[in-house]
1. In region 150-163, which residues are assigned to a helix (DSSP H, G or I) and either within 8 Å of the ligand (Cβ to nearest atom) or among the small types (Gly, Ala, Ser) (or both)?
2. May I ask you to list the residues in region 151-179 that are crowded, with 24+ Cβ neighbours inside 10 Å and more than 19 Å from ARG133 (Cβ to Cβ)?
3. Scan region 179-232 for residues that are on the phi > 0 side of the Ramachandran plot and at pLDDT 95 or above and jot them down.
4. Just name the residue that is surrounded by the most Cβ atoms within 10 Å (Cβ to Cβ) out of those in region 255-274 that are more than 9 Å from the ligand (Cβ to nearest atom) and under 18 Å from ARG187 (Cβ atoms).
5. Among (1) assigned to a loop (DSSP other than H, G, I, E, B); (2) of a type in the set (Gly, Ala, Ser); (3) farther than 30 Å from LYS500 by Cβ; (4) more than 16 Å from the ligand (Cβ to nearest atom), there is one condition SER319 misses while meeting the rest; what is its number?
6. Within region 113-146, which residues are more than 23 Å from ALA231 (Cα to Cα) and in contact with a strand residue (DSSP E or B) (Cβ under 6 Å, 6 or more places away or on another chain)?
7. Name the pairs whose Cβ atoms lie under 9 Å apart, with the first residue in region 280-305 and at positive phi, the second more than 13 Å from the ligand (Cβ to nearest atom) and aromatic (Phe, Trp, Tyr), and 6 or more positions between them or separate chains?
8. Within region 1-19, take every residue that is surrounded by 18 or more Cβ atoms within 10 Å (Cβ to Cβ) and in contact with a Pro (Cβ under 6 Å, 6 or more places away or on another chain) and give me the one that is farthest from GLY364 (Cα to Cα).
Amino acid sequence: LSPKIMEELEKQLEKHQLENIRVIKTGCFGLCAKGPIIVVHPEKTFYTQVKPEDVGEIVEQHLLKGEVVQRLLCKDEQAEKYMIEKLDDLPFYKKQKRIVLKNCGFINPEDIDEYLAMDGYKALEKVLTSMSRQQVIEEIKESGLRGRGGGGFPTGLKWEFAAKQENDQKYIICNADEGDPGAFMDRSVLEGDPHVVLEAMAIGGYAIGANKGFIYVRAEYPIAVKRLEVAIEQAKEYGVLGDNILGTGFKFDVEIRLGAGAFVCGEETALMNSIEGKRGMPNPKPPFPAVSGLFGKPTVINNVETFANIPPIINKGASWFSSIGTEKSKGTKVFALGGKIVNTGLIEVPMGTTLREVIYEIGGGIPNGKNFKAVQTGGPSGGCITAEHLDTPIDYDTLTALGSMMGSGGMIVLDEDNCMVDVARFYLDFTKDESCGKCTPCRIGTTRLLEILEKITEGKGTLEDITKLEVLSEQIKAGSLCGLGQTAPNPVLSTLKYFKEEYIAHVVDKK
Ligand code: FMN
């Protein structure tokens, strides 16, 4: 609908000769539940669930007469009335802190001038003109930034390993494969602010001594791909990518590679095999990519969101960044809120925010008066967190301690109607399909695990099957080659930990 709304808006502005009003196509505002959205600046009037036939009224009443169209204002579900007039007043945004998403929904991602107006490429200029490679690495290390792609590895340390390698060729890769069901964080960054990733990759290239970067993005994200292509062209024209960046002599180029929707290709070694034109299957580690990665050369691979944190850290300093978050998890985290929640959408919160704040204050709670049951974090590699842990501050370590994980940021809320055995079956169905087949524990193990789960959900399972689930899960975790198999049993183990009675309720010999 949004392109139609935009077309209608342009037509109406022309009809009324409102030449001094600009229509800007932006990336995502985050509040998916209320799209399509029009924000009228400078006052930031927030019109939601707009239809093409509403546009005439917005133009004639608001833009010509200066009167807000009450009917189209954002509805506050909790207060059950149309009341939110300004974007900043919405509870959805109040508890958020936008570092990664700061430009998403505000600038035209296809216009480098708008990125430049938001301090774009200032960080690159700063590192190239006033910082040594080691100083850049120290700054990132001191910031405490950890990888947002799932593993949580310290980014500065990864860059340092690669920087120390002596080699004539090194690479920087941006992992934009984003295969978790329910995750769309990286997509929104690429669609809303593609230059931030290019700027960060060039900074990374300078820091480790690489002059070539690849963005591996899934082909199912055509808008992200197109905006990246436009951004790369504009960055080259502006002189922030290419042979002699900002006249400093530093050379850095970026190419896009498309993934074909295989979840395992998000795993770093499988991804690099895929870029090399080989079948996307993981390799054993070590060697780690920082030592021997793409084409056997030292390579830094980081997630989209990790990269999006780099320019703000360089611009504002490591101590600014590390003042946000918890002791061991610094900065913010972007989450894709989905499932049984009023405000489905994309949010960014400081690490340490509680799940209760995310689900009830930002997310608006559970729809239709239902009770919260659990939240699944970390997608197919993660697990569920129950009501008794809603006050847990979100960070890498607390979520892992609860038997789940931060993962890349998918957060699926489940209510009293969800069967937890079925939730585990859903994720196993996914991982079994996505197993690449290279190692036996994952290939055969996930198939057997799914068979047992199907037997139980069909009401044909036994108590012995529940024991088999536990034993087999541990074997798959211990024996699999890569993170896919090593984490595939997590949804089973965590639902067994917190909801064993639901498994028992399904089996034939429950007495
Ligand atoms: N990392 C991503 O950034 N995006 C992905 O889509 C992704 N998919 C993965 C899928 C599997 C099965 C596994 C095991 C890992 C995946 N990862 C993904 C993690 C990467 O292997 C790697 O840790 C990450 O790209 C490193 O970047 P970071 O340090 O910035 O997090």
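1. Across region 150-163, the qualifying residues are THR155, GLY156, LYS158, ALA162, ALA163.
2. The answer is CYS174, ASN175, ALA176, ASP177, GLU178.
3. Selection gives GLY209 alone.
4. ALA262
5. (1)
6. Matches in region 113-146: GLY144, ARG146.
7. Qualifying pairs under 9 Å: PHE295/TYR171.
8. Going through region 1-19, the residues surrounded by 18 or more Cβ atoms within 10 Å (Cβ to Cβ) turn out to be 5, 8-9, 12-13.
Filter once more, so that each one left must be in contact with a Pro (Cβ under 6 Å, 6 or more places away or on another chain): 5, 8.
Numbers: ILE5: 27, GLU8: 32 Å.
Only one residue tops the list, namely GLU8.
The values are calculated or read from the model by the stated rules, or taken from the named source; none is laboratory data. From a predicted model like this one, the values you see are computed outputs, not experimental measurements. So basically every Cβ, Gly included, is an ideal-geometry build from the backbone, and we count neighbours across all protein chains shown.
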